Structure formats: C-alpha cells, structure tokens
Amino acid sequence: MSNYVDDLMAEVKAKNPSEPEFHQAVHEVAESLTLVLERHPEYRQAKILERIIEPERVILFRIPWVDDQGNVQINRGFRIEMNSAIGPYKGGLRFHPSVNLGILKFLAFEQVFKNSLTTLPMGGGKGGSDFEPKGKSDSEVMRFCQAFMTELQRHIGPNTDVPAGDIGVGGREIGYLFGQYKKIRNEFTGVLTGKGINWGGSLIRPEATGYGAVYFASEMLATRGETLEGKTCLVSGSGNVAQFTTEKILELGGKVVTISDSSGYIYDDEGIDYNKLKFIIDLKNVKRGRIKEYVETYPNAEYTPLDANAPFNPLWNHTAECAFPSATQNEINLKDAENLLENGVYVVSEGANMPTTPEGVDLFVERKILYGPGKAANAGGVAVSGLEMAQNSMRFGWTREEVDNRLHLIMKSIHKTCFDTAEKYGTPGNYVNGANIGGFIKVADSMLDQGVV
Ligand code: NDP
C-alpha cells in the first residue's frame with residue numbers, strides 16, 4: 001500500500017509542479033487513507049481519491065481596478081471548485097499577496113473533508129486573490145472587491161458555489177462583494193456567508209471558527225477528564241480566528257499569554273483579559289494597526305519582531321499547556337513543535353489551516369498529545385456558514401444561543417467522529433487519521449452513488 005501512496009504522490013507532483021502546499025495536504029490525507037483503501041477495494045477501483053485530488057473546475061481571471069492615485073492595478077483572481085458530491089461548493093476567499101494556485105488548491109482540498117465532517121450538506125471550494133488589503137484605503141478595497149465580483153458572479157450562486165471569508169476577507173470585504181453581486185445579478189440571495197446581521201448574516205458566524213477550535217480542545221481534554229480552567233494558552237494571529245479563540249478561552253477560565261501578526265508577537269505574562277482583548281479587536285479591526293502597538297498601552301508585555309530567517313518562532317517557546325495556532329499555514333515547524341512539547345504543551349487545536357509542518361504533525365502524533373488538526377478543529381466556521389445558508393433558505397434567523405448551541409453540538413459530533421474513527425481503524429487517539437478518514441467516507445460513498453462524473 002505504501003507503493004500506492006508513492007505512485008500517487010509521484011503523479012500528483014508531476015501533474016501539479018510548484019505546488020508544495022498542495023502536495024503536503026494530499027500526502028497527509030493519502031497516508032491516512034491507506035487504512036481505508038485496504039478495507040474498501042471499491043474506492044480504489046472507482047479511483048475515488050484520484051478523482052478527489054483533481055478539482056472539478058478551476059477558474060482563473062484578471063482583476064483590473066484603479067487605485068486612489070488613478071493608476072491601473074491588475075491582480076489575479078481564482079476560484080477552485082473542488083468537489084460537489086455532498087453539496088454546493090463552499091469555502092472562503094483569501095486576499096493576501098502569497099495567494100497562488102497551489103495554496104488555494106491545498107485549502108480547497110482540505111475543505112472537502114472538513115465540510116463533510118460538519119454533518120452539513122456542503123461540497124468544497126476555495127478562492128481569492130493576490131491582492132494585499134493592508135495599506136489600502138476603504139475605497140480602494142471597495143473598488144477591488146467590486147472588480148473581483150464582477151467576474152466571480154458568473155460562476156457562483158446559492159445552489160452552486162457559496163464563498164465566505166478567510167485571511168484578508170472579513171465583514172467589510174464580504175459587504176462590498178455582496179453589494180456588487182446583488183447589483184449585477186439583481187437578486188438578494190444567500191450567495192455569500194459571513195454577511196452583516198442586517199442583510200442575511202447569522203449571529204455567531206464571526207465567532208464560530210475561534211469558538212469551535214476551543215470547543216474542540218475542550219472535547220479532547222474531556223477524554224482525559226480535564227477542562228481548560230486554569231490552563232495557560234499560546235495563541236498566534238490577531239485576526240478573526242485568534243480574537244474569538246481568545247474570547248472563548250477566557251470564558252472557559254483559561255489564560256492567554258501571546259497573540260501576533262505577520263510582523264511579530266506580544267507576550268503578556270499577566271494574561272490578555274477582556275479589556276485587553278477589546279483593545280486588540282479595535283486595533284486590528286477598526287484602526288487596522290499593528291500588534292506591536294499593544295505594548296504602548298500595556299507596557300508590562302513584551303513585543304518581539306518576527307525574524308523570518310530564524311530557525312524557530314519564539315512565540316511557541318513559552319511555558320503553557322495549550323496552543324492555538326490561528327494565523328497561517330506552516331507556522332509551526334519541527335523545532336517549534338519540539339519547543340512546545342518541552343515547554344509543557346500537550347493540547348494543540350488548530351484554528352488555522354495546516355499550521356503545522358508534516359514533521360511537526362508526526363512528532364505530535366508520536367508523542368500522543370491531544371492534537372486536533374485544522375480540518376476538524378477549525379470546522380466551526382464553515383459549520384455556522386452552513387447554518388447561515390439554512391437560515392437564508394428559510395428566510396428566518398435563529399438567536400445567538402440557538403446558533404451557539406448548534407455550533408457546540410456540531411463540534412462535539414466532529415470530535416466524536418474523529419475519535420471513534422481513529423479507534424475503528426486501529427489508531428486510537430490519532431485525530432489526523434480520524435479526521436481524514438471520517439471526512440473521506442461520506443464523500444467517497446456519495447461519489448460511488450453518483451457514478452463517474
Ligand atoms: P485574518 O485575516 O482575520 O487574520 C490573519 C492573522 O494571521 C493576522 O493576524 C495576520 O497578520 C496573521 N498572518 C497572516 N499571514 C501570516 C503570515 N504569513 N505570517 C504570520 N502571520 C500571518 O484571517 P483569519 O483569522 O480569518 O484566518 C486565520 C487562519 O484561520 C487562516 O489559516 C485561515 O485559513 C483559517 N481559517 C479561517 C476561518 C474563518 O472563518 N475566518 C475558517 C477556518 C480556518 P497581519 O495582521 O499582519 O496580516
């Protein structure tokens with residue numbers, strides 16, 4: 001069977017050159033699936049995994065727009081429609097200069113399994129642009145979003161493909177994107193999720209990914225009879241996921257001592273309390289400032305700039321029990337993983353997508369810590385997006401408590417699926433196998449039912 005993975009990977013690399021993140025994501029899933037493919041030759045015969053690896057459709061387009069100085073700017077736009085076996089394509093849009101085809105294909109591939117785990121009927125997709133929102137005026141961001149949607153609108157729809165936010169795409173961007181869709185198509189539909197509450201959004205959607213990652217950590221801890229109460233936590237990032245991860249940790253009695261952005265991180269030994277979190281939310285969402293400004297208001301905290309050439313990230317080198325990586329892919333390398341374990345961390349719940357390198361993942365699994373991979377731990381965001389779609393279809397809105405309860409139940413169910421599946425396939429406690437296999441089976445069976453399409 002290891003020949004099967006080697007052959008598959010050789011083909012994936014030959015067909016998709018220069019896409020290392022995509023190779024990384026496929027390799028991890030293929031390794032887990034060897035356990036299933038041995039027991040289910042029908043999946044191999046129907047080439048289910050080979051088909052899942054190939055996007056159903058890739059859309060690549062030009063985005064011309066005019067900046068505040070009157071200069072013409074050109075960005076590149078993408079939408080990867082990866083798999084629609086169990087529902088319309090669903091997944092976020094990322095605006096970041098690092099965005100390219102390989103990164104979006106890795107994210108779309110992960111999304112297929114994640115969405116399947118949520119129990120809701122959603123296929124997998126992902127999209128975005130190499131546009132850099134940092135340093136742009138509101139009106140530049142608006143013109144860019146309008147130009148982006150002018151093309152994207154012809155490919156999406158509430159029953160076809162329903163994008164949401166991701167890095168660089170928050171409430172402001174979703175608003176501009178929705179406005180342009182509505183104007184061009186002359187229809188008010190649930191074509192995007194993460195919408196404002198006055199125009200079809202769901203309560204708890206902004207909070208969902210972060211809250212979900214913390215619920216997942218709590219479920220993992222419960223398997224050892226423990227809770228988050230009194231535990232020290234390291235959080236990276238200071239965007240949507242990091243903010244609400246921090247809020248939920250505080251609510252459950254934990255202490256958060258770090259938070260970061262792409263320039264550096266702060267360490268606050270006294271802990272980030274609700275007031276400090278409010279300051280961070282205002283700093284990042286309203287003032288659009290840098291995290292180093294935190295120490296001007298809270299001088300007892302320390303700021304360390306990020307050194308991209310350093311062999312490890314000092315953020316992961318502090319004494320703690322839990323870590324919630326919530327910034328970006330591959331932000332925990334092997335050395336960081338070793339540092340985390342040496343400093344006492346035994347719970348890692350991934351708010352970000354694929355934040356740990358394969359060597360780091362192997363170490364966490366080998367040392368049998370409570371390691372929740374992103375496609376399970378951060379599925380709360382897309383789960384509440386699914387609930388937003390349901391509310392839009394009903395033209396009705398649930399209360400905050402109702403949505404939060406549903407989110408909590410879904411995260412419990414995802415945890416149970418991962419936990420039970422890992423055990424069923426002979427690798428108890430291995431949430432990586434649990435998530436990959438648990439997510440795969442529903443999609444694979446649906447593809448078998450639907451024939452070769
Ligand atoms: P935001 O844009 O709101 O925040 C991203 C944060 O990560 C910012 O603090 C940003 O710093 C930092 N960051 C981005 N790129 C890098 C980098 N290369 N190195 C260091 N720091 C970086 O995004 P989200 O919070 O929405 O997303 C964070 C992660 O969570 C991503 O991996 C995303 O795919 C994942 N995720 C998000 C979901 C959602 O619902 N939003 C759902 C599931 C997963 P700066 O301010 O300097 O840009």
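The values are calculated or read from the model by the stated rules, or taken from the named source; none is laboratory data. Fair warning: this is a prediction, and the values are worked out from it, not measured in the lab. Ideal geometry is used to build each Cβ from the backbone, glycine not excepted, and the neighbour counts take in all protein chains shown.
Screening Pro311 against (1) more than 13 Å from the ligand (Cβ to nearest atom); (2) part of a loop (DSSP other than H, G, I, E, B); (3) surrounded by 15 or more Cβ atoms within 10 Å (Cβ to Cβ) leaves a single unmet condition, (3).
Which count do you get for residues in segment 417-453 that are part of a helix (DSSP H, G or I) and without any contact (Cβ under 8 Å) to a residue 40 or more places away in the chain?
Restricting attention to segment 417-453, the residues satisfying the condition of being part of a helix (DSSP H, G or I) are 417-424, 431-450.
Next, from what is left, pick out any that are without any contact (Cβ under 8 Å) to a residue 40 or more places away in the chain: 420-424, 445, 449.
Total meeting the criteria: 7.
Within segment 324-348, which residues are within 12 Å of the ligand (Cβ to nearest atom) and either over 10 Å from the mean Cα position of the chain (by Cα) or modelled with pLDDT under 95 (or both)?
Taking segment 324-348 as the starting set, the residues that turn out to be within 12 Å of the ligand (Cβ to nearest atom) are 324-332.
Selection gives Phe324, Pro325, Asn330, Glu331, Ile332.
I'd like to know if segment 390-400 contains one or more residues that are outside any helix (DSSP H, G or I) and without any contact (Cβ under 8 Å) to a residue 60 or more places away in the chain. There is at least one residue in segment 390-400 that is outside any helix (DSSP H, G or I) and without any contact (Cβ under 8 Å) to a residue 60 or more places away in the chain.
Can you go through Pro358, Pro373 and tell me which one is under 20 Å from the mean Cα position of the chain (by Cα) and away from the ligand (no atom under 14 Å from the Cβ)? Steps first, please.
Values: Pro373 fails: away from the ligand (no atom under 14 Å from the Cβ).
The match here is Pro358.
Within segment 185-222, restricting attention to residues that are in contact with a Pro (Cβ under 9 Å, 6 or more places away or on another chain) and among the aliphatic types (A, V, I, L, M), which residue is nearest to the ligand (Cβ to nearest atom)? Among them, the one singled out is Leu192.
Out of curiosity, is Gly230 over 21 Å from Asp282 (Cβ atoms), assigned by TED's automatic domain parsing to the domain that holds Asp273 and either of a type in the set (S, T, N, Q) or surrounded by fewer than 23 Cβ atoms within 10 Å (Cβ to Cβ) (or both)? Quick ask: steps written out before the conclusion?
Details: over 21 Å from Asp282 (Cβ atoms): yes; assigned by TED's automatic domain parsing to the domain that holds Asp273: yes; either of a type in the set (S, T, N, Q) or surrounded by fewer than 23 Cβ atoms within 10 Å (Cβ to Cβ) (or both): yes.
The answer is yes for Gly230.
Filtered by the rule that a residue be within 29 Å of Asn83 (Cβ to Cβ), within 15 Å of the ligand (Cβ to nearest atom) and assigned to a helix (DSSP H, G or I), segment 146-174 gives Gly171, Glu173, Ile174.
Every listed requirement among (1) more than 12 Å from the ligand (Cβ to nearest atom); (2) out of contact with any strand residue (DSSP E or B) (no Cβ under 9 Å at 6 or more places or on another chain); (3) at positive phi is met by Lys248 save one, (3).
Is at least one residue of segment 2-16 under 27 Å from Met122 (Cβ atoms) and hydroxyl-bearing (Ser, Thr, Tyr)?
Filtering segment 2-16 for residues under 27 Å from Met122 (Cβ atoms) gives 8, 12, 15-16.
Still in the list and also hydroxyl-bearing (Ser, Thr, Tyr): none.
Checked against the condition, which is being under 27 Å from Met122 (Cβ atoms) and hydroxyl-bearing (Ser, Thr, Tyr), segment 2-16 yields no hits at all.
Just name the residue that is nearest to the ligand (Cβ to nearest atom) out of those in segment 233-245 that are out of contact with any Phe, Trp or Tyr (no Cβ under 6 Å at 6 or more places or on another chain) and of a type in the set (A, V, I, L, M). Restricting to residues being out of contact with any Phe, Trp or Tyr (no Cβ under 6 Å at 6 or more places or on another chain) and of a type in the set (A, V, I, L, M), the top hit is Val241. The sole residue among Asp138, Asp166 that is surrounded by fewer than 16 Cβ atoms within 10 Å (Cβ to Cβ) and touching a Lys or Arg at 6+ places or on another chain (Cβ under 8 Å) is Asp138.
Within segment 233-287, the set of residues being in contact with a Pro (Cβ under 9 Å, 6 or more places away or on another chain), crowded, with 20+ Cβ neighbours inside 10 Å and assigned to a strand (DSSP E or B) comprises Leu234, Val235, Tyr265.
Residues that are over 30 Å from Phe216 (Cα atoms) and either touching a helix residue (DSSP H, G or I) at 6+ places or on another chain (Cβ under 8 Å) or crowded, with 18+ Cβ neighbours inside 10 Å (or both) do not occur anywhere in segment 81-93.
Can you tell me which residues in segment 251-270 are more than 16 Å from the ligand (Cβ to nearest atom) and β-branched (Val, Ile, Thr)? Once the filter is applied, which keeps residues that are more than 16 Å from the ligand (Cβ to nearest atom) and β-branched (Val, Ile, Thr), segment 251-270 yields only Val257. When each of Thr319, Thr304 is tested for being more than 26 Å from Gln24 (Cβ to Cβ) and part of a strand (DSSP E or B), the lone residue that passes is Thr304.
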